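Enquirer: Handing you a structure now.
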Amino acid sequence: MVSWLWCGGLPARASLCPAYACRRKSSYVGSEGGWLRIGKTRVRLSHPKRKELVPQNYACNISHSQSWLSHMQWMAQKDALGQDMFLVGPPGSLPRRLAFAYCELTRREMEYVSLSRDTTETDLKQRREIVAGTVHYVNQPAVESALEGRVLVLEGVEKAERNVLPVLNNLLENREMQLDDGRLIVAPQRYDRLVEYDGEEMAREWNLLRASERFRVIAIGAPVPPYRGNPLDPPLRSRFQARSIQPLNYQELSDLLSLQYPDISHRNLSSLVQFVLTLRTVSTTLPGGPVDISQQLHHVLEILSDMPGISVEELLLKIYPADLLGTMKTFRDTVEKFEVKETTNKIHIHSLVPRTSQGKIEVELHGTSPSKSNVFGDKSDGVSSLLVPCGPHPDGVTTNGQEQSLIEESDYVPTEVHEDILARMIQSHKTGDFCLVGGKGTGKETLVKRFASLLGYEVETVVLYQDMTSRELLQQRSTLPNGDTTWRTSPLVNAAREGKLALLDGVHRLHPGTLSVLKRLLQDRELSLMDGSRLLSHNHYKATKAFAGLSDEDMVQR
């Protein structure tokens, strides 16, 4: 049994987080600065210079799983030994959140890079910018982390081109790197010996920079094969200590979901968990690698909590579209084995009640079934209420100070099929983002605009094309009239900042390696942009501001 314990100076918000509060009675004042103990492993807590770079609100659920605690203990051991880490596992957010949680627990500043096929050497080392007619070299995450002693998180190593990551070989092995501006990063022990014999002035004259002994790299990637991607370069692979991050087993996943969703019966939870684990096993022979939907199961359970009689099979198809992946037979066999199949129901919108004070809108959905039975639990009228997020103008979208409907009533002709799809879009919107798949001329864009009009969103359309790069998806390089370089944010980033509904039109045209840069935005509502700025989710922004003791103006400046 692995446990973890804060010693010496708990965070100010410790009482708000179960993971901090669970061991608080055992906490005591340790040595100066404090330390963190995970099992029998102790790690010294850091004193961050820039507290806003320490991740927040990621460690809250770590204490609920022994598997996750064992991963954290292993990371603490490697950190204590000064070794870089490689977290290998199925595609998903778990490895990244473990890395962020470790940085939060140890109060380590962190730099994040999402790798794709468009990542170049300049995205890791230094980028040239023109300011007032003069060329300046701006340090990128790898260089900043090495100099400031931060943790560098590289996610998606299997998607990067094979000639990109080897530029980090010398930095990983010897903690040395030649920079484009002529300076040289030197390992801390070697730099200290040079300063001892020749002095600090001589080291600066030689353009030498000292790497921090606290610098660590955490790489995250999926194994290739069975998953698609570029295999890791063998010399680069030997620089890391690897750890396999596997999904939770039956007992741990059942316990975690029972804690999070106490209203759902143990029998239903058990059937869903068994379905997920069986699908993971039978999909090992499918092209593209094994399928694990355990991290998406909360989408199903949140809707089931409000609509107990909804078709479970339909909800599972939302997180694993077997009909589109050509694995419908495998899916149906697994569904029938664990008795999670339900009668297909038709639903439509019954009414909408805006609740602007909460930033949400109450939507009443009415359900019918072939047997005309009540498909929404105990409510005799077959009506179920969902509290879903809404835009800033649920009674009509304001554009340039004028009331303007996103779609005229005459442009939308309600049919039974479209009303059913629209209700299911609102149902999916309760738990996150969704993707509409259909042929040309089937009314996808019209449905999205009708959806936005009902919920008070302003639509920001992002037209995607085949040769679009990940950089163009987030920020584009631009030049000012005086010749200075700048970065222009994309419509997608603007939509995220202003609370609009981003419509990614033609997502099937993008290369999977390009689309992967959006996974952190979709899963955590966070982004690290090329100009050095970062987008944080609402909750993480508030927690970071409180932890760092900064005002909104300070956060913008940083």
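Enquirer: For region 38-82, which positions are more than 16 Å from residue 248 (Cβ to Cβ), in a helix (DSSP H, G or I) and either of a type in the set (Gly, Ala, Ser) or free of Cβ contacts under 8 Å to residues at least 24 places away in the same chain (or both)?
Expert: Within region 38-82, 76, 80 qualify.
Enquirer: On to the next question. Hey, could you check region 231-246 for residues that are open to solvent by less than 70 Å² (accessible area, probe 1.4 Å) and in contact with a Gly (Cβ under 8 Å, 6 or more places away or on another chain) and say which is nearest to residue 270 (Cα to Cα)?
Expert: Looking at the filtered set, the residue picked out is 245.
Enquirer: Another question, then. Which one is most open to solvent (accessible area, probe 1.4 Å) among residues in region 437-447 that are closer than 16 Å to residue 415 by Cβ and part of a loop (DSSP other than H, G, I, E, B)?
Expert: Filtering region 437-447 for residues that are closer than 16 Å to residue 415 by Cβ and part of a loop (DSSP other than H, G, I, E, B), the one most open to solvent (accessible area, probe 1.4 Å) comes out as 441.
Enquirer: Right, here's the next one. What is the one condition in (1) at pLDDT 95 or above; (2) surrounded by fewer than 23 Cβ atoms within 10 Å (Cβ to Cβ) that residue 81 does not satisfy?
Expert: (1)
Enquirer: Please go through region 453-486 and pick out each residue that is of a type in the set (Gly, Ala, Ser) and outside any helix (DSSP H, G or I). Quick ask: steps written out before the conclusion?
Expert: Step one: of region 453-486, the residues of a type in the set (Gly, Ala, Ser) are 453, 456, 470, 478, 483.
Correct list: 456, 478, 483.
Enquirer: Output the number of the condition that residue 161 fails; it satisfies all remaining conditions of (1) open to solvent by 70 Å² or more (accessible area, probe 1.4 Å); (2) assigned to a helix (DSSP H, G or I).
Expert: So the condition that residue 161 fails would be (2).
Enquirer: Using beta carbons and a limit of 6 Å, which pairs, at least six apart or on different chains, have the first residue in region 507-528 and within 15 Å of residue 160 (Cα to Cα) and the second one in a helix (DSSP H, G or I)?
Expert: Going by the 6 Å Cβ cut-off, the qualifying pairs are 513/159; 514/470; 516/159; 517/470.
Enquirer: Would you list the helices (runs of 4 or more DSSP H) that sit entirely within region 272-329 and hold 1 or more residues that are farther than 15 Å from residue 258 by Cα and without any contact (Cβ under 8 Å) to a residue 40 or more places away in the chain? Before the answer, list the steps.
Expert: Values: elements: 297-306, 312-319, 322-325.
Per the criteria, 312-319, 322-325.
Enquirer: Take residue 450 and decide whether it is out of contact with any strand residue (DSSP E or B) (no Cβ under 9 Å at 6 or more places or on another chain) and either surrounded by 14 or more Cβ atoms within 10 Å (Cβ to Cβ) or assigned to a helix (DSSP H, G or I) (or both).
Expert: Working: out of contact with any strand residue (DSSP E or B) (no Cβ under 9 Å at 6 or more places or on another chain): yes; either surrounded by 14 or more Cβ atoms within 10 Å (Cβ to Cβ) or assigned to a helix (DSSP H, G or I) (or both): yes.
In short, yes.
Enquirer: Right, something else. Taking region 522-537 as the region of interest, how many residues are part of a loop (DSSP other than H, G, I, E, B), open to solvent by 30 Å² or more (accessible area, probe 1.4 Å) and over 13 Å from residue 489 (Cβ atoms)? Break it down into steps so the answer makes sense when it comes.
Expert: Step one: list which residues in region 522-537 are part of a loop (DSSP other than H, G, I, E, B), which gives 525-526, 529-533, 536-537.
Adding the requirement that they be open to solvent by 30 Å² or more (accessible area, probe 1.4 Å) leaves 525, 530-533, 536.
Subset that is over 13 Å from residue 489 (Cβ atoms): 525, 536.
Here the count works out to 2.
Enquirer: In the list 192, 181, which residue meets the criterion of being farther than 29 Å from residue 482 by Cα and over 24 Å from the mean Cα position of the chain (by Cα)?
Expert: Working: 181 fails: farther than 29 Å from residue 482 by Cα.
Just a single option satisfies the conditions, and that option is 192.
Enquirer: Looking at region 188-215, which of the residues that are touching a helix residue (DSSP H, G or I) at 6+ places or on another chain (Cβ under 6 Å) and within 21 Å of residue 78 (Cα to Cα) is most open to solvent (accessible area, probe 1.4 Å)?
Expert: Looking at the filtered set, the residue picked out is 213.
Enquirer: Looking only at residues in region 270-309 that are among the charged types (D, E, K, R) and within 30 Å of residue 364 (Cβ to Cβ), which one is modelled with the lowest pLDDT? Outline the logic, then answer.
Expert: First, pick out the residues of region 270-309 that are among the charged types (D, E, K, R): 280, 292, 302, 306.
Subset that is within 30 Å of residue 364 (Cβ to Cβ): 302, 306.
Values: 302: 88, 306: 80.
Selected residue: 306.
Enquirer: Of the residues that make up region 340-349, is at least one open to solvent by less than 40 Å² (accessible area, probe 1.4 Å), at pLDDT 80 or above and under 22 Å from residue 451 (Cα atoms)?
Expert: Initially, region 340-349 is screened for residues open to solvent by less than 40 Å² (accessible area, probe 1.4 Å), giving 340, 345, 347, 349.
Going one step further and asking which of them are at pLDDT 80 or above, we end up with none.
Within region 340-349 (the criterion being open to solvent by less than 40 Å² (accessible area, probe 1.4 Å), at pLDDT 80 or above and under 22 Å from residue 451 (Cα atoms)), the answer is no, since none of the residues qualifies.
Enquirer: Now a separate question. Looking at region 91-158, what strands (runs of 3 or more DSSP E) fall wholly within it and have at least 1 residues that are open to solvent by 10 Å² or more (accessible area, probe 1.4 Å) and in contact with a Pro (Cβ under 6 Å, 6 or more places away or on another chain)?
Expert: Details: elements: 110-114, 126-131, 134-139, 151-155.
The strands (runs of 3 or more DSSP E) meeting that bar are 110-114.
Enquirer: Now for a separate question. Which of the residues spanning region 488-510 are out of contact with any helix residue (DSSP H, G or I) (no Cβ under 9 Å at 6 or more places or on another chain) and either assigned to a loop (DSSP other than H, G, I, E, B) or crowded, with 17+ Cβ neighbours inside 10 Å (or both)? Don't jump to the end; show me each part of the working.
Expert: Taking region 488-510 and keeping what is out of contact with any helix residue (DSSP H, G or I) (no Cβ under 9 Å at 6 or more places or on another chain), we get 488, 491, 494-495, 497-499, 506, 508-509.
Across region 488-510, the qualifying residues are 495, 499, 506.
Enquirer: Does at least one position in region 407-425 carry a residue that is among the aliphatic types (A, V, I, L, M), loosely packed, with under 13 Cβ neighbours inside 10 Å, more than 26 Å from residue 526 (Cβ to Cβ) and at pLDDT below 90? Please lay out each step first, then the result.
Expert: We begin by selecting, within region 407-425, every residue among the aliphatic types (A, V, I, L, M); these are 407, 413, 417, 421-423, 425.
Going one step further and asking which of them are loosely packed, with under 13 Cβ neighbours inside 10 Å, we end up with 413, 417.
If we keep only those that are more than 26 Å from residue 526 (Cβ to Cβ) as well, we get 413, 417.
Imposing the further condition that a residue be at pLDDT below 90 reduces the set to 413, 417.
Checking region 407-425: at least one residue is among the aliphatic types (A, V, I, L, M), loosely packed, with under 13 Cβ neighbours inside 10 Å, more than 26 Å from residue 526 (Cβ to Cβ) and at pLDDT below 90.
Enquirer: Okay, moving on. Please work out if residue 515 is under 30 Å from residue 227 (Cβ atoms), open to solvent by 70 Å² or more (accessible area, probe 1.4 Å) and among the hydrophobic types (A, V, I, L, M, F, W, C). Quick ask: steps written out before the conclusion?
Expert: On the way: under 30 Å from residue 227 (Cβ atoms): yes; open to solvent by 70 Å² or more (accessible area, probe 1.4 Å): no; among the hydrophobic types (A, V, I, L, M, F, W, C): yes.
For residue 515, the condition - under 30 Å from residue 227 (Cβ atoms), open to solvent by 70 Å² or more (accessible area, probe 1.4 Å) and among the hydrophobic types (A, V, I, L, M, F, W, C) - is not met.
The values are calculated or read from the model by the stated rules, or taken from the named source; none is laboratory data. Every value quoted in this text rests on a predicted model; they were computed, and no experiment measured them. Reconstructed Cβ throughout: ideal geometry from the backbone, glycine too, with neighbour counts over all protein chains shown. Side chains included, ligands, DNA and RNA excluded: accessible areas come from the protein's heavy atoms. Shrake-Rupley method; radii C 1.70, N 1.55, O 1.52, S 1.80 Å.
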